[in-house]
Amino acid sequence: MAIYLTKESKVLVQGMTGAEGMKHTRRMLAAGTDVVGGVNPRKAGRSVDFDDRAVPVFGSVREGIESTGADVSVVFVPPAFAKAAVVEAADAGIGLAVVITEGIPVHDAVAFTAHARSRGTRVIGPNCPGLITPGQSNAGIIPPDITKSGRIGLVSKSGTLTYQLMYELRDIGFTTCVGIGGDPVVGTSHIDCLTAFENDPDTELIILIGEIGGDAEERAAAHIREHVTKPVVGYIAGFTAPEGRTMGHAGAIVSGSSGTARAKQEALEAVGVRVGSTPTETARHVLEALADTATDAAAPDAAAADGTAADGAAREGARA
């Protein structure tokens, strides 16, 4: 099982014929992704050769969907054209739009995420690495060879930290890793992914990676308290960030205690989330939580066995 992306997903790449689109389309294909076409109105009717596969170029997302049955679009267009690209994909009926582009104006992100939501299209991003279901499909720029299929679900604001935790826990593996992006406005939240992982029978534990700024992690903590039964392990980037300054793509200025890494850590720990102070410590927390889960699962079996033995002894005593 997985969330949002499986081996059945059929992927279009908007901007496939550009330099970044070409590079990452080749990597997605090598990872087993079913890339069924690119979209570029100026190059419609052509095809692009990627090693042993020729991928057709369509003039529009709608044409690509009608020709291939595509249900996912990965967006590699420049910031100025990203809004139009997502709106086009949503209007064409795409189910999932993965927006890799960074530097998109906030007002454009507000507009296209709202428009996509009204059309029933889920947006991942913008300014994100995409998502990967190891061994099945990879939509975006996440390195496919640093982990394997397994039992952990991961949702992260940070691309780099996504990769690091995937690598540190490669021996256990992941169901799906989702990089939601760290911009002020994103189409899919921590809460969306927590809900999806909670409902995925193959995900045994969830990793939540956050960053300073905003209150997304605090809202995720409130959701975990009410709705998540699986163990959650967290990591917050930015413990050493100075107050009053925007850091990286965290998307918000830390003011007072609001939005600080410490405040987010406390909110998560208050609902039972183990929060690591480093990625490596976070990985250790994951191993401990999985071990605890295995022990808890074994306890009823042990109790049942003890009960059976006691019943047997009682019967023997009665016969004596």
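The values are calculated or read from the model by the stated rules, or taken from the named source; none is laboratory data. Remember, it's a predicted structure, so these values are computed and weren't measured experimentally. Reconstructed Cβ throughout: ideal geometry from the backbone, glycine too, with neighbour counts over all protein chains shown. Please note that ligands, DNA and RNA were not included when accessible areas were found on the heavy atoms of the full protein model with its side chains. Shrake-Rupley method; radii C 1.70, N 1.55, O 1.52, S 1.80 Å.
Taking (1) of a type in the set (S, T, N, Q); (2) modelled with pLDDT under 95; (3) under 17 Å from Lys157 (Cα atoms) in turn, Thr195 satisfies each apart from (2).
Considering Leu194, Leu169, Leu208, the condition of being within 19 Å of Asp292 (Cβ to Cβ), within 13 Å of the chain's Cα centre (by Cα) and either open to solvent by less than 10 Å² (accessible area, probe 1.4 Å) or β-branched (Val, Ile, Thr) (or both) is satisfied by Leu208 alone.
For Ser60, the conditions (1) modelled with pLDDT of 95 or more; (2) open to solvent by less than 30 Å² (accessible area, probe 1.4 Å); (3) of a type in the set (Gly, Ala, Ser) all hold with the exception of (2). So, in the range 29-47, how many residues would count as being open to solvent by less than 20 Å² (accessible area, probe 1.4 Å) and over 20 Å from Thr133 (Cβ atoms)? Total satisfying the criteria: 4.
On inspection, Glu281 does not qualify as within 24 Å of Glu226 (Cβ to Cβ) and either touching a Cys at 6+ places or on another chain (Cβ under 8 Å) or at pLDDT 95 or above (or both).
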